[in-house]
Amino acid sequence: SRTVVGEESFAWLVRLLADREPKLFERIALAQALLFARAQTPREEWQEAAEAELPPPLADVMAEEAVREGALIGPEEQPVDPVTFWAAAPKSAVQALRDDPEQALQRATVALHLDDPDERQGEAFEAAWNGFLRLYNLFQFLPGAYPISADEEAFWGYEELIGQRSSLGDSSQPGASDESNEEAWEEVFEYALDDVRPLLEPLREARMPPPNVPFELQQNGQIVAEAELGWSDRKVAVLLPGQTAHKDTFEDQEWSVYEAADLDGDPQTLIDALS
């Protein structure tokens, strides 16, 4: 991951297109965000600075995260720079980082702000713009990342999206909107293998939460087991034939584990487990 951080953005794109695996970039983005968040950051000063710099909808989101018990926020001091970065994460997300990085990924909130001048010319603006794009290229892998500029016209309509996350993990939580659930299910159908596809449409029609596809079970920061479908909040997993060796590992952590071949396209067992 250290090698990736030092690469240019184009190299990131080439790596992503070649590997088709965003997990690495998700973890790097999360690690970078949490590096800026500190428990000792003066909360009131940080909030005042965020409210002065960020548009109201986004400043409100950052403020809500900052007042959560044990929240980590940062950076402590904002640089006098055209590009500013704001990060907040609840203590529970940081504590889950090793065993459930998906929770930490969903709960980290990041704001990127470009104070672009009316006259967008010159080397200074070009350098700021390139820096802003580089940050965006990395933090786009966080569901709670919001890149914005000081251009109010460019922000029109975007404020409606602030605070609405349509990622797989977030939409599986109770209370997620129908729209975000539908978007998440579309991603499930896009990435799931044919072995489990007969299960998916009945699950969606039964209004079950969408799974993570594929799912990686982690322990102490290491991947210890894999499943084709996984619901981390319900501790339910569906294994392909090549993943059955991981069944004991899941069950040791009190997961309900099902083999796709045994389900034979019948989703009722899963619906019962997820309900």
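The values are calculated or read from the model by the stated rules, or taken from the named source; none is laboratory data. All figures in this text were calculated on a predicted structure; none of them were measured in a lab. Using ideal geometry, Cβ is built from the backbone for each residue, glycine included, and neighbour counts are taken over all protein chains shown.
Structure values in brief
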| item | result |
| --- | --- |
| From the options A49, A59, A33, A29, residue that is in a helix (DSSP H, G or I), hydrophobic (A, V, I, L, M, F, W, C), at pLDDT 80 or above and more than 30 Å from E187 (Cβ to Cβ) | A49 |
| Within the stretch 235-258, tally of residues that are surrounded by fewer than 17 Cβ atoms within 10 Å (Cβ to Cβ) and closer than 19 Å to D194 by Cα | 3 |
| P101 within 24 Å of the chain's Cα centre (by Cα) and at pLDDT 70 or above | yes |
| Members of the stretch 249-275 found to be β-branched (V, I, T) and either part of a helix (DSSP H, G or I) or modelled with pLDDT under 90 (or both), listed by number | T249, T269, I271 |
| Residue count, the stretch 188-214 (criterion: out of contact with any Phe, Trp or Tyr (no Cβ under 9 Å at 6 or more places or on another chain) and not hydroxyl-bearing (S, T, Y)) | 14 |
